[in-house]
1. If we hang a label 7 Å off Cα along the beta carbon direction at A:E117, how far is it from the matching labels on the other copies, in nm, shortest first?
2. Roughly how tilted is helix A:16-27, in degrees to the nearest 10 and between 0 and 90, from the longest Cα axis of chain A?
3. What do you reckon, how do A:E43, B:E117 stack up by accessible area (1.4 Å probe), largest on top?
4. Angle, helix A:82-98 long axis vs. longest principal axis of chain A, Cα atoms, 0 to 90°, nearest 10?
5. Please work through chain A and write down the cysteines that have no neighbouring cysteine Cβ at a distance under 4.7 Å.
6. Using only the alpha-carbon atoms, how far is helix B:188-201 inclined from the longest principal axis of chain B? Give it as 0 to 90 degrees, nearest 10.
7. Expressed as a rounded percentage, what relative contact order does region A:5-197 have, with Cα pairs under 8 Å and six or more residues apart?
8. Going 7 Å from the Cα of A:L95 along its beta-carbon direction, which residues of region A:101-139 have the amide nitrogen within less than 16 Å of the resulting point?
Protein chains: 2
Amino acid sequence: MAVKIITISRMFGSGGRTVGKRLAEELDFEYFDREIIDRIAGETGFSKDYVAANSEYAPGKSIFSYSFEAAATPGVMNGMTTADYLYSVQRKKVLEIANSGHNCIIVGRCADYILKEYDSVLNVFIYADLEFRKKRIVETYGESDTKPEKRVIDKDKKRAANYKHFTDREWGKAGNYDICLNSGYLGIDKCVEIIKDIVISK
Amino acid sequence: MAVKIITISRMFGSGGRTVGKRLAEELDFEYFDREIIDRIAGETGFSKDYVAANSEYAPGKSIFSYSFEAAATPGVMNGMTTADYLYSVQRKKVLEIANSGHNCIIVGRCADYILKEYDSVLNVFIYADLEFRKKRIVETYGESDTKPEKRVIDKDKKRAANYKHFTDREWGKAGNYDICLNSGYLGIDKCVEIIKDIVISK
């Protein structure tokens, strides 16, 4: 069955977004990444920065912290934490994009899980070793007060916890995806080429 | 750097061995799978069937079972369990193959981990969903008294436990490999084509 949607999950600093953008251009697919944050912000009234900080990077909550938070803190809607509420809106937005009928690429946002019943989806995971990613985030996002290694590890931990919380799956486990590519080993160009070839030949 | 060694880790029934054999023919690489069991049997004096049952598929041992076994059962050599002893011989055989100077493909045997310091290795993981693998093992290995689903799940569990025990890594986690391919989604031919292209273009 022809590929109409490509989901790209990625380790921080692996170049997964670049792979997605390149594919969108070369295949003429629509591209969704920060655009989903904008849509969630639009629907919820939260700022884009708030949505970004409290959706994909929000740590998973244990049952204990969940009920504690619900009892003791503001910002909990109808018994939901903010992260849970944002996920429900995010899920809706991902489904709207998938149902629009346009070919598209969705980066992050648990889209592989949200679209697991869809037939025409190719699920990709892009990753690389720590050294490659440390170097790449400094080149791409610049220096910061936090050491590159800590920035990379912290973001991955948060993505993994977020993914586990909402999907009950292990982030980065090959079986969740149709293809997993080490961009540090293969290079960004080869990742784009392999995925593009799969889409064209399906 | 040119690829001289391809390691293939695989879910049971995913066709990883077939991918390996096809690549060996098409790239003119030597192929090692059961051949390693033969070499271990030759060195240890154990039968091939005994080596097969007690190496790759031996469950990992906890510290408790380890010391209990060492104290209470025969077949423990110098404080090692049989599985540990066989692993040490397996490691030696994999290193001998890697150091032979011939281009080769090694299926299973924790070769990705054993050769982790080698530069010219491409580490591949082949997997597929349960339905694809259930169907494939019946076609490939025939029916048995045990249901296909149980055969697949049991072998995967043993491989995962064995890999964890000897490498302290999670079997099937994308980050351990350079590329992971879902043979159920992509098909065996496409898996061979993608890997071959990487080897040729590196």
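1. Its label point is 5.2 nm from the equivalent points in the other copies.
2. In chain A, helix A:16-27 runs at an angle near 50 degrees to the longest axis.
3. Largest to smallest exposure gives the sequence B:E117, A:E43.
4. 30
5. By the Cβ distance rule, which asks for a partner under 4.7 Å, the isolated cysteines are A:C104, A:C110, A:C191.
6. Tilt of helix B:188-201: around 80 degrees.
7. Details: 264 pairs, mean separation 71.4, N = 193.
Contact order relative to length: 37 percent.
8. Under 16 Å, as judged by backbone N against the label point of A:L95, lie A:101, A:110-119 of region A:101-139.
The values are calculated or read from the model by the stated rules, or taken from the named source; none is laboratory data. Fair warning: this is a prediction, and the values are worked out from it, not measured in the lab. No Cβ is skipped: glycine too gets one built from the backbone with ideal geometry, and neighbour counts run over all protein chains shown. Surface accessibility is based on the protein's heavy atoms, side chains included, excluding ligands, DNA and RNA. Shrake-Rupley method; radii C 1.70, N 1.55, O 1.52, S 1.80 Å.
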